[in-house]
Amino acid sequence: MATKRKSKGAYMISSVAEMYGIHPQTLRLYEREGLLKPSRTEGNTRLYTEEDLERLEFILNLARDLGVNIAGIAIVLQMRERMEEMNRQMQSFVDYVRTEMLTRAHTGSHSSEPGLVPLRRPIIVTVPRESKKRS
């Protein structure tokens, strides 16, 4: 979804509503439902960051283009956040294993140390095929 963003910073609700062709009440509804969390000024004015706008674009894509309702959008956003967290954890684990392997390679560690266990034979993983039904 193309927008008319020109600079980095924070945007007030009226600017965001105009940029995306939505009513300010829609933005307030998204905030009430927990879909958006804009920051606030001391005077309690909502300020939307670039990150908020990216999230809004994702929300509007789900709502406008895919017809997902607010409850569905909330579920998709939760799943997306969980997937991002799992990805961070997986990357952390990969980094740890890589560091361990490099450390052991440089120090000349062998299988007598606990940790990685050498395989004596290859492991073959098979995936069951689905049976084809004939009509």
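The values are calculated or read from the model by the stated rules, or taken from the named source; none is laboratory data. All figures in this text were calculated on a predicted structure; none of them were measured in a lab. Using ideal geometry, Cβ is built from the backbone for each residue, glycine included, and neighbour counts are taken over all protein chains shown.
Quick check, is E31 surrounded by 13 or more Cβ atoms within 10 Å (Cβ to Cβ), assigned to a helix (DSSP H, G or I), modelled with pLDDT of 95 or more and not aliphatic (A, V, I, L, M)?
On the way: surrounded by 13 or more Cβ atoms within 10 Å (Cβ to Cβ): yes; assigned to a helix (DSSP H, G or I): yes; modelled with pLDDT of 95 or more: yes; not aliphatic (A, V, I, L, M): yes.
Considered against the rule, which asks whether it is surrounded by 13 or more Cβ atoms within 10 Å (Cβ to Cβ), assigned to a helix (DSSP H, G or I), modelled with pLDDT of 95 or more and not aliphatic (A, V, I, L, M), E31 comes out as yes.
Considering region 1-28 alone, what residues qualify as being modelled with pLDDT under 95 and closer than 19 Å to N69 by Cα?
The one that is modelled with pLDDT under 95 and closer than 19 Å to N69 by Cα: M1.
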